[in-house]
1. Residues in the range 37-81 that are more than 23 Å from Met103 (Cα to Cα) and exposed (fewer than 11 other Cβ atoms within 10 Å of the Cβ): how many?
2. Would you please name the residue that is nearest to Leu171 (Cα to Cα), looking only at residues in the range 20-36 that are touching a strand residue (DSSP E or B) at 6+ places or on another chain (Cβ under 6 Å) and of a type outside the set (A, V, I, L, M, F, W, C)?
3. Filter the range 1-45 for residues that are touching a His at 6+ places or on another chain (Cβ under 6 Å) and either over 22 Å from Asn93 (Cα atoms) or among the aromatic types (Phe, Trp, Tyr) (or both) and give the result.
4. With respect to Asp107, is the statement that it is in contact with a Ser or Thr (Cβ under 6 Å, 6 or more places away or on another chain), at pLDDT 95 or above and farther than 19 Å from Arg170 by Cα true?
5. Output the number of the condition that Gly147 fails; it satisfies all remaining conditions of (1) at positive phi; (2) within 17 Å of the chain's Cα centre (by Cα).
6. Only strands (runs of 3 or more DSSP E) wholly contained in the range 107-215 count here; list those with 1 or more residues that are in contact with a His (Cβ under 9 Å, 6 or more places away or on another chain) and surrounded by 13 or more Cβ atoms within 10 Å (Cβ to Cβ).
Amino acid sequence: MSDPRILILGAPGAGKGTQSVKIADEFGVAHVTTGDALRANKDMDISDLGLAYDTPRAYMDRGELVPDAVVNAIVEEALSQTDGFILDGYPRNMDQAEELDEMTELDVVLALDVSEGELVDRLTGRRVCAECGSNYHVDFDPPDESGICDACGGQLIQRDDDTEETVKERLRVYRENTKPVIEYYDDRGTLVRVNGERPPEDVFDEVEETIESVR
Ligand code: AMP
């Protein structure tokens, strides 16, 4: 196979970002992530679309999904520029899944399984370097010096949508909109479930094996 086209699904906090970075590195594919793309364009003016709010930020800070028209365009543009990819954070509802079917075929669909209690702990304790984007956790993976990034010395911050209230809303949105997407791929017989409640290196061993098995 040429460069693999991989989709990774899972709840917020399941470890999709962490695994995607490793996959992109190991298999030399592009990391296409709607969350990062939207964070980099949070204040983009989308008022001409006639939607409820005028910027992605307004949706993101409430834990809601950014409208499909915005997200579909980001993914379509990104996929048109690459052969292999690891797609992370999309599709998050059934309309997006159908849209993706029109855009490309996938070689592997992975789903990271993590229990809800663990997701809340992971997300509310997550801290991110404002400079380089490195991830930490106040209990599970603290930096050497509190509030300071080990990698670059930058300030560690909590993402606006990692507060307890917004995390609960993101998980509700996940249950309602994204779980059906996982069932959609499961029904097709293309889904590989991976236990995400293990150290990231152990999860990656299984992820790597799964991708290798289809190459
Ligand atoms: P993430 O970093 O993937 O958890 O995404 C952060 C936020 O960006 C989400 O809570 C949504 O508000 C928005 N977002 C990311 N991906 C999508 C998507 N595929 N569809 C709609 N909204 C998205």
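The values are calculated or read from the model by the stated rules, or taken from the named source; none is laboratory data. Quick caveat, the model's predicted, so the values are computed rather than measured. Please note: Cβ atoms are built from the backbone with ideal geometry, for glycine as well, and neighbour counts cover all protein chains shown.
1. Adding up the residues that qualify gives 7.
2. The selected residue is Thr33.
3. Ala24
4. Considered against the rule, which asks whether it is in contact with a Ser or Thr (Cβ under 6 Å, 6 or more places away or on another chain), at pLDDT 95 or above and farther than 19 Å from Arg170 by Cα, Asp107 comes out as no.
5. So Gly147 meets the others, but not (2).
6. Filter on the range 107-215 gives 126-129.
Conditions tested, residue by residue: (1) over 28 Å from Arg198 (Cβ atoms); (2) near the ligand (Cβ under 9 Å from one of its atoms).
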position: Leu65; (1), (2): yes, yes
position: Glu77; (1), (2): yes, no
position: Gln96; (1), (2): yes, yes
position: Leu110; (1), (2): no, no
position: Asp113; (1), (2): no, no
position: Glu118; (1), (2): no, no
